[in-house]
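Data block below; observations after.
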Amino acid sequence: MSINKLNTQVRQEQIAQAAMNLMNTTGMKGLSIARVAKRVGLVPSAIYRHFESKDRVIDAVLDVIFDRLMDNVSKACSATIDPFERLKLILTRHIRLILENYAIPRIIFSEEVYSGNIDRKAKLNRKIGGYLAEISEIVRQGQHENRIRKDVDSDTVSVMFLGIIQPAAILWHISNEAFDTAKHAEKAWKIFKESLETT
């Protein structure tokens, strides 16, 4: 990979992160190319060399979010072979990602992000589906090793796993961070794990 190509990729990630940071404080309505440029230390025209529009910046933000989620899965799977430990690590990392990026619930659940954009909605569906497929595979491996009950559907379990996180993220968001997401995840994880363990 050429240095120029690498520099372009790094700059695009910086711009996407700056956009996400901006949405942390201003929401979707405060997102503009000029404001993103200021956060990165560029002039607006420089942003347009990397992204043709604000819509493409939003697409890049979604890519960053899901790249980090998939990276969390990869790191958890590299850290341990135990299916429950893997799932717990993924849960912990997912919660941390949300807590460090207040904009994520705003972006994922914002009608402004998807209104009139069928392609973006379909893209989000594919990305969430890919994430759930990774969780489902960990569950299947646990079933193969007789660690996880074989009478449960792995795809259903993957959605239940996501269900530990998403409602908590919404409550955290609408309560202006008063809801203790990490504490909820810890308690919910125990119930989730106990429901899946083989006797």
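The values are calculated or read from the model by the stated rules, or taken from the named source; none is laboratory data. Predicted model, so just to flag it, every value in this text is computed and none were measured. Reconstructed Cβ throughout: ideal geometry from the backbone, glycine too, with neighbour counts over all protein chains shown.
For a quick check of your reading of the model, give me the residue pairs whose first member lies in region 42-63 and is surrounded by 13 or more Cβ atoms within 10 Å (Cβ to Cβ), whose second is hydroxyl-bearing (Ser, Thr, Tyr), with beta-carbon atoms closer than 9 Å and at least 6 apart or on different chains.
44/32; 50/8; 54/32
Just checking, how many residues over region 172-199 are assigned to a helix (DSSP H, G or I) and modelled with pLDDT of 90 or more? First the steps, then the outcome.
Filtering region 172-199 for residues assigned to a helix (DSSP H, G or I) gives 172-174, 181-196.
This time we only want the ones that are modelled with pLDDT of 90 or more, so: 181-196.
So the answer is 16.
Across region 93-123, what is the total count of residues that are part of a helix (DSSP H, G or I) and over 23 Å from residue 75 (Cβ atoms)? Don't jump to the end; show me each part of the working.
As a first pass, look at region 93-123 and keep what is part of a helix (DSSP H, G or I): 93-100, 103-108, 111-114, 118-123.
From what's left, over 23 Å from residue 75 (Cβ atoms): 106, 111-114, 118-123.
Matching residues across region 93-123 total 11.
Out of everything in region 23-39 that is hydrophobic (A, V, I, L, M, F, W, C) and modelled with pLDDT under 90, what residue ends up being nearest to the chain's Cα centre (by Cα)? Give the steps one after another, and end with the answer.
From region 23-39, those hydrophobic (A, V, I, L, M, F, W, C) are 23, 28, 31, 33-34, 36-37; that's our starting set.
Checking which are modelled with pLDDT under 90 leaves us with 23, 28, 31.
Details: 23: 15, 28: 17, 31: 20 Å.
Going through the qualifying residues, I end up with 23.
Residue check: is residue 168 farther than 27 Å from residue 55 by Cα, modelled with pLDDT under 95 and in contact with a helix residue (DSSP H, G or I) (Cβ under 7 Å, 6 or more places away or on another chain)?
Here the answer is yes, as residue 168 does meet what is asked.
Got at least one residue in region 77-90 being crowded, with 19+ Cβ neighbours inside 10 Å and assigned to a loop (DSSP other than H, G, I, E, B)?
Within region 77-90, none of the residues are crowded, with 19+ Cβ neighbours inside 10 Å and assigned to a loop (DSSP other than H, G, I, E, B).
For region 129-162, which positions are surrounded by 15 or more Cβ atoms within 10 Å (Cβ to Cβ), part of a helix (DSSP H, G or I) and touching a residue at least 40 places away in the same chain (Cβ under 8 Å)?
131, 134, 135, 138, 139, 141, 142, 161
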